[in-house]
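Following this message is one structure expressed as structure tokens.
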Amino acid sequence: MGYIKGEERHQSILFPQSIDEYIGDNNSVRVIEEYVEQLDMQTLRFQKAVCPNLGRPPYDPKDLLKLYLYGYLNRIRSSRRLEQEAIRNVEVIWLLKKLSPDFKTIADFRKDNKIALKRVFREFTKLCDEWGLFGKELVAIDGTKIRACNSKRNNYSAKKLDRHIKYIDEKIDTYLKELEEGDQVEACDRRPDAKEIEKRIQELRNRKNKYEAYKNKVEKSGSNEISTTDPDARLMSNNNNNVDVSYNVQTTVDAKHKLIADFKVTQKPNDLGELDNMALRAKKLFGGKDFEAVADKGYYKASDLKKCVKKGITPYVAKQIYSNGTGDQDFYTDQFQYDKEKKCYICPAGKELYYYRNRTHKKKGLVGYEFRNYDACKNCECKKRCTKSEKGRTICRHVDQDFLDTIDLATERNKEKYKQRQMIVEHPFGTIKRSWGAYYFLTKRKVSVSAEISLSFLAYNLKRVMNILGIKELVKRLQEKRQPVLA
């Protein structure tokens, strides 16, 4: 009994009569074809949407958009790899009708149509809305850090620059001493001559001038850091306690089918202050309909929560728990109970802390009220577990704590909804970053990064809708949408 054998390479065979026979009815490229064909490229403001009369004929922007969508759906984001796929991949050959643009043309398309690519994402969300794929009842908001095209080595803070400049000054002083003494020997037991030492000193001075220029730029910009490769990227920490130069991508995901309704690229290293912004943008997209929003404790900010409630959005956000200096969880701030009748705090040891003074901020004004009882703390057996202060413990009650208590109570009562947060909003992040490998950006600057992530999110939504409706049904709907335009 022999092995299964392939065909003889030199044997003449009959191929199908058309390349279309290689592409099945359930192939995703048919969806890409129908979706892009029904788009109005002029309305979306793609460059070369109208073919120029003079010069060399350009590629149709629809063909290049199809190529990018196919790439992002199949873990291919590089323009050079897309160039190769256009030559060897039967699906891409079918999609582009045997066109084979070079990598520079492919890369320039993404570079020249940054805003238009974001509009394509918006168009698809509108299409999903028309088909009733958004529940508009519960959304989850969260952010993820995606690594920028900038290494940590090329990111400088004021402290890092001072450290480099100090090192260079010390090194220059060392070389100057070598130049004067003439008998200093390097680690390799070779005596550097005066000309070589002068050359090294000049190189160090050039580096020092470069670092001083960076430092002046940091001081003038008012920022605390500078990135030389991608000026818009910032040093951020992720959930694994790693630090990298990244962007913070905020997303709003609808709970019904885990579709991404909205996104925003920010330079902030944390999520604080983004809840109201993302929630209000979602409300506008949903036609002003009221809904519920879930978010983690990184969004716990009284002013943002108040804005959401005022606009008819019900937020469920986990409260922030603040630790004490000793690290004993039994004496964290949340273990102190507030007595509204007595207007005092009762500590875990049963002592009462009374109002002492207002806590104010230069820019924000009144931020809270301080409560303490140093006399009770003085002889308390639990003092060492509670605080490191010699005088005693001080508790600050936020000026909007009564309002925050209502949010905490609502979140506690709707714990089942809040538990859905990870299943809703982490699903897109896991697919895009882990399954598709888009955990880093290929482009630089915030506007380019926004265009790049819009392609990833569009590909994700497209894949989700294929799974929800089925490819044949989706192609049918897209064809129906295109018919009035052809008529």
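The values are calculated or read from the model by the stated rules, or taken from the named source; none is laboratory data. Everything numeric in this text was worked out from a predicted model, so none of it was measured. Note: ideal-geometry Cβ built from the backbone for every residue, glycine included; neighbour counts use all protein chains shown. Calculation scope for accessible area: heavy atoms of the full protein, side chains included, ligands and nucleic acids excluded. Shrake-Rupley method; radii C 1.70, N 1.55, O 1.52, S 1.80 Å.
Take the Cβ-Cβ distance between residue 177 and residue 205 as r, set R0 to 22 Å, and report the resulting FRET efficiency rounded to the nearest 0.05.
The calculated FRET efficiency here is 0.85.
Please give the charge dipole size of the range 372-487, origin at the Cα centre, charges +1 on K and R Cβ atoms and -1 on D and E Cβ atoms. Round to the nearest 20 debye.
Values: 26 positive and 13 negative charges, 89 e Å.
Magnitude of the dipole: close to 420 debye.
Follow-up. Per residue, how much accessible area does the chain have with a 1.4 Å probe, in Å²?
59 Å²
Provide the gained length on full extension for the span residue 100 to residue 137, in nm with one decimal, where the gain is 0.36 nm per separating residue minus the Cα-Cα distance.
Answer, rounded to one decimal: 8.8 nm.
Over the Cα atoms, compute the radius of gyration (one decimal) and Dmax (the largest Cα-Cα distance, rounded to a whole number) for the range 352-429, in Å.
Radius of gyration, then largest Cα-Cα span, for the range 352-429: 18.6, 54 Å.
Report the gain in length on full extension from residue 342 to residue 198: 0.36 nm times residue separation, minus Cα-Cα distance, nm rounded to one decimal.
44.2 nm
If we restrict to alpha carbons, what Rg and Dmax does the range 69-110 come to, in Å?
When restricted to the Cα atoms of the range 69-110, Rg and Dmax are 9.2, 24 Å.
Let me ask something else. Please state, to two decimals, what the Cα-based radius of gyration of the range 1-126 comes to when divided by 2.2 N^0.38 Å (N = residues).
Dividing the Cα Rg of the range 1-126 by 2.2 N^0.38 Å gives 1.28.
Measure up 311/340; 98/476; 351/383; 307/340 against 18 Å on the Cα-Cα distance and list the ones that go over.
On the way: 311/340 29 Å; 98/476 25 Å; 351/383 11 Å; 307/340 25 Å.
Violating the 18 Å limit, Cα to Cα: 311/340; 98/476; 307/340.
Additional query: Please compute the volume of the convex hull spanned by the alpha-carbon atoms of the range 236-387 and report it per residue in Å³.
Here the figure is 180 Å³ per residue.
Continuing with this model, one more query. For residue 292, which sequence-distant residues (separation of 5 or more, or a different chain) have an amide H within less than 5 Å of its own amide H, given hydrogens modelled in the peptide plane?
Those qualifying (amide H under 5 Å, at least 5 residues apart or on another chain) are 138, 139, 314.
Taking the alpha-carbon set of the range 375-487, what are its Rg and Dmax in Å?
Answer for the range 375-487, Rg first and Dmax second: 26.4, 88 Å.
Among 435, 450, 409, pick out the residue whose Cα is farthest towards the positive end of the charge dipole of the range 406-458, where Lys and Arg carry +1 and Asp and Glu carry -1 on C-beta, about the Cα centre.
450
Kindly provide log₁₀ I(q)/I(0) values, in the same order as q = 0.15, 0.25 Å⁻¹, from the Debye equation applied to equal alpha-carbon scatterers of the range 97-140.
For the range 97-140 at q = 0.15, 0.25 Å⁻¹, log10 I(q)/I(0) is -0.61, -0.88.
Now for a different question. Cross-link list 160/446; 62/136; 362/446: which exceed 27 angstrom alpha carbon to alpha carbon?
62/136; 362/446
How big is the convex hull of the Cα atoms of the range 74-163, per residue, in Å³?
For the range 74-163, the hull spanned by Cα atoms encloses 197 Å³ per residue.
Hey, another quick one. Using the Cα centre as the reference, give the magnitude of the dipole from point charges on the C-beta atoms of the chain (Lys, Arg: +1; Asp, Glu: -1; all else neutral), rounded to the nearest 20 debye.
Dipole magnitude for the chain comes out near 1080 debye.
Quote the FRET efficiency, to the nearest 0.05, computed for residue 322 versus residue 473 with a Förster distance R0 of 56 Å and r equal to the Cβ-Cβ distance.
Efficiency, from the Cβ-Cβ distance: 0.65.
What does the charge dipole of the range 266-370 about its Cα centre add up to, to the nearest 20 debye, if the Cβ of each Lys and Arg holds +1 and the Cβ of each Asp and Glu holds -1?
Once rounded to the nearest 20, the dipole reads 760 debye.
Would you mind telling me the share, in percent, of accessible area of the range 1-154 contributed by carbon and sulfur at probe 1.4 angstrom?
47 percent
Here's another thing I want to ask about it. Say R0 is 51 Å: what FRET efficiency, to the nearest 0.05, do residue 409 and residue 84 get from their beta-carbon distance?
Approximately 0.30, to the nearest 0.05.
Could you pull the Cα extents of the chain along its three principal axes, largest to smallest, in whole Å?
In descending order, the Cα extents are 97, 80, 66 Å.
Can you list the aspartates and glutamates whose alpha carbon is less than 13 Å from that of residue 217, not counting same-chain residues fewer than 8 positions off?
Excluding near neighbours in sequence, the set is 225.
Kindly provide the Kirkwood hydrodynamic radius of the range 45-88 in Å, to one decimal, from all pairs of distinct alpha carbon atoms.
11.7 Å
Can you compute the modelled spin-label distance between residue 375 and residue 9, with each label point 7 Å from Cα toward Cβ, in nm?
Roughly 9.7 nm, to one decimal.
Go through 306/342; 66/463; 268/363; 111/289 and tell me which ones have a Cα-Cα distance over 24 Å in this structure. List each step's numbers first, then the result.
On the way: 306/342 27 Å; 66/463 14 Å; 268/363 20 Å; 111/289 36 Å.
Check vs 24 Å cut-off fails for 306/342; 111/289.
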